[in-house]
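The values are calculated or read from the model by the stated rules, or taken from the named source; none is laboratory data. Note that the structure is a prediction, hence the values are computed from the model and not measured. Glycine also receives a Cβ, built like all others from the backbone with ideal geometry; neighbour counts cover every protein chain displayed. Surface accessibility is based on the protein's heavy atoms, side chains included, excluding ligands, DNA and RNA. Shrake-Rupley method; radii C 1.70, N 1.55, O 1.52, S 1.80 Å.
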Amino acid sequence: MYASHEDIEYDFGDNSKVGTKPVKPNPNIDGGWAWMIVFSSFLVHILIMGSQMALGILNMEWLEEFNQSRGLTAWVSSLSMGITLIVGPFIGLFIGMCGCRKTAIMGGMLNSLGWILSAYASDVHYLFLTFGVTAGIGSGMVYLPAVVMVGQYFQKRRALAQGLSTTGTGFGAFLMTALMKYLCIEFGWRNTMFIQGAISLNLCVCAALMRPLSPKDIVSEKYVLRSNSEGGNHAKALSHSAETIKSRGVLSEELEKKDTANEEVLDSVQQTEIGSKSQSERSLYGLRILKTVSQMMVTVRKGFAIWYSSYFGAASLFTNRVFVAFIIWALFAYSSFVIPFIHLPEIVKQYNLPSQNNIFPLTSIIAIVHIFGKVILGIISDLPCISTWNVFLMANFTLVTCILTLPLMQTYVSLAVVCALIGFSSGYFSLMPVVTEDLVGTKHLANAYGIIICANGISALFGPPFAGWIYDITQKYDFSFYISGLLYMVGIIFLLIQPCIQKKETREKPAEGAEV
């Protein structure tokens, strides 16, 4: 049903030179420093996603401190989690201009600032700005580069690498929950947030490990991949999807023409600087500043033009209908994973199972099995005879089935079994960057995955409050799971239909050409 990355991105048939030029592969691709990138991304997931999974500890402290409604207080956590993902498309702009490393370093400092400022909160609305917005944006500026860098450094074992790096979410959920519990008991929630802000500065260290690949290395990847790619009917079905957004070469030519004036300004500045040696040092300093600003403007303009074209120009990602179906799926998928984490404790109370749940919480079962699910699904997807797309769909079907059947379970054992299946099947999150890269290619990965996590962020932002609103009306959580599960199923149907339509259209085109 789905083609490999090699078939999709590089099988355009418009460059006969590709595949004929012998190129020595970069030793850091699929090995060497690539594993340091995985380690860096693993730590980022612990510090960001793990901390967000542990916000329930701080949420109880905020309820006691500010005496606000549960709904209003819950928006602090929802804003932080949602904004981390929603800012994805805009972080793609920063990555295009500054690169992954610089973007992540700035994000680490901003995230730390948000935690520290939140320690001085006087009310919940203050936390909306400092923790929800400031720390959320900072988290997004680190999270997206961490995922993109793993995608750039791995080709043969991408699914396994993404699976290993994203297991940091599960480990972080355990570590950060225990840490925040201890800190809140010993120092209070305000000092806890201050200490967590200091810990978050380690995100800058993780960002420093994100050594960028040179353009030569990226080109080398293409030649190596082309020589190893194999043709197939499924490749022809979806190669058209990737081909619709392949116009970076044309875009670069247009940018070069538009920036000619800027380059002339830079040349004139350089000549002026050389001819002004006899002038005062103050004048030279001013010229150097002008030169630096002009260079920055050129870089910003090019980065913005590429970013804008990716979304709205002729090379728009939205011309890829399979990718659009992927976005629709993402709008409904993430809430189905978040809602159990938020509402399972309350469901356990309603079923009078708190004693068993205290021994081994259901949310802990999800988190533990989630770790193994990411790694195992990643290993399976990297097998030569297995399609990543098929593994991705099977995991989604399993998860939506569990969401729809969870309200029917009335005992702790049955709930534990369903939660274990939810944890394992939700391991498909590690495959999302792989599927995205297969659809749009490595060059467009930052912008494309930014859109996907933005859709996930919208789902995470409104999913739990929507479930709570349904509970207020019906006094049951059953309908919350049924409605979210049905919406999730709609997204999966979109994923099934669009590739089939694409495949049919691809087959019809050669037939029409033969008739002519």
Where a residue in the range 162-187 is in contact (Cβ under 8 Å) with a residue 24 or more places away in the chain and its partner, wherever it lies, is surrounded by fewer than 23 Cβ atoms within 10 Å (Cβ to Cβ) and outside any helix (DSSP H, G or I), with Cβ under 6 Å and at least six apart
M176/A54; T177/A54; M180/A54
For residues that are over 22 Å from I365 (Cβ atoms) and of a type in the set (A, V, I, L, M), tally how many sit in the range 379-412.
4
Could you count how many residues in the range 392-411 are without any contact (Cβ under 8 Å) to a residue 24 or more places away in the chain, part of a helix (DSSP H, G or I) and surrounded by fewer than 19 Cβ atoms within 10 Å (Cβ to Cβ)?
4
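May I ask you to verify whether I91 is crowded, with 20+ Cβ neighbours inside 10 Å and aliphatic (A, V, I, L, M)? Give the steps one after another, and end with the answer.
On the way: crowded, with 20+ Cβ neighbours inside 10 Å: yes; aliphatic (A, V, I, L, M): yes.
Spelling it out, I91 is indeed crowded, with 20+ Cβ neighbours inside 10 Å and aliphatic (A, V, I, L, M).
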Filtered residues of the range 1-58 (kept if touching a helix residue (DSSP H, G or I) at 6+ places or on another chain (Cβ under 8 Å), in a loop (DSSP other than H, G, I, E, B), acidic (D, E) and modelled with pLDDT under 50)
D11
Counting only residues in the range 374-390 that are assigned to a helix (DSSP H, G or I) and out of contact with any Ser or Thr (no Cβ under 7 Å at 6 or more places or on another chain), the one most open to solvent (accessible area, probe 1.4 Å) is identified as I379
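Among the listed residues F154, F174, which satisfies the condition of being within 23 Å of the chain's Cα centre (by Cα), at pLDDT below 80 and in the same structural domain as K102 (by the TED database)?
Values: F154 fails: at pLDDT below 80.
The unique qualifying residue is F174.
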Considering the range 31-48 alone, what residues qualify as being open to solvent by 20 Å² or more (accessible area, probe 1.4 Å) and closer than 20 Å to T134 by Cβ?
L47
Could you tell me whether any residue of the range 412-424 is in contact with a Phe, Trp or Tyr (Cβ under 6 Å, 6 or more places away or on another chain) and part of a helix (DSSP H, G or I)?
no
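Which of the residues belonging to the range 94-112 are among the aliphatic types (A, V, I, L, M) and open to solvent by less than 10 Å² (accessible area, probe 1.4 Å)?
First, pick out the residues of the range 94-112 that are among the aliphatic types (A, V, I, L, M): 95, 97, 104-106, 109-110.
Scanning the range 94-112 gives a single hit, A104.
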Counting only residues in the range 412-425 that are within 17 Å of L353 (Cα to Cα) and in contact (Cβ under 8 Å) with a residue 40 or more places away in the chain, the one surrounded by the most Cβ atoms within 10 Å (Cβ to Cβ) is identified as C419
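Yes or no, residue by residue, for (1) in the same structural domain as I453 (by the TED database); (2) under 25 Å from S165 (Cα atoms); (3) touching a residue at least 60 places away in the same chain (Cβ under 8 Å):
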{"site": "M53", "(1), (2), (3)": "no, yes, yes"}
{"site": "W62", "(1), (2), (3)": "no, no, yes"}
{"site": "L72", "(1), (2), (3)": "no, no, no"}
{"site": "I83", "(1), (2), (3)": "no, yes, yes"}
{"site": "R101", "(1), (2), (3)": "no, yes, yes"}
{"site": "N111", "(1), (2), (3)": "no, yes, yes"}
{"site": "I116", "(1), (2), (3)": "no, no, yes"}
{"site": "Y126", "(1), (2), (3)": "no, no, no"}
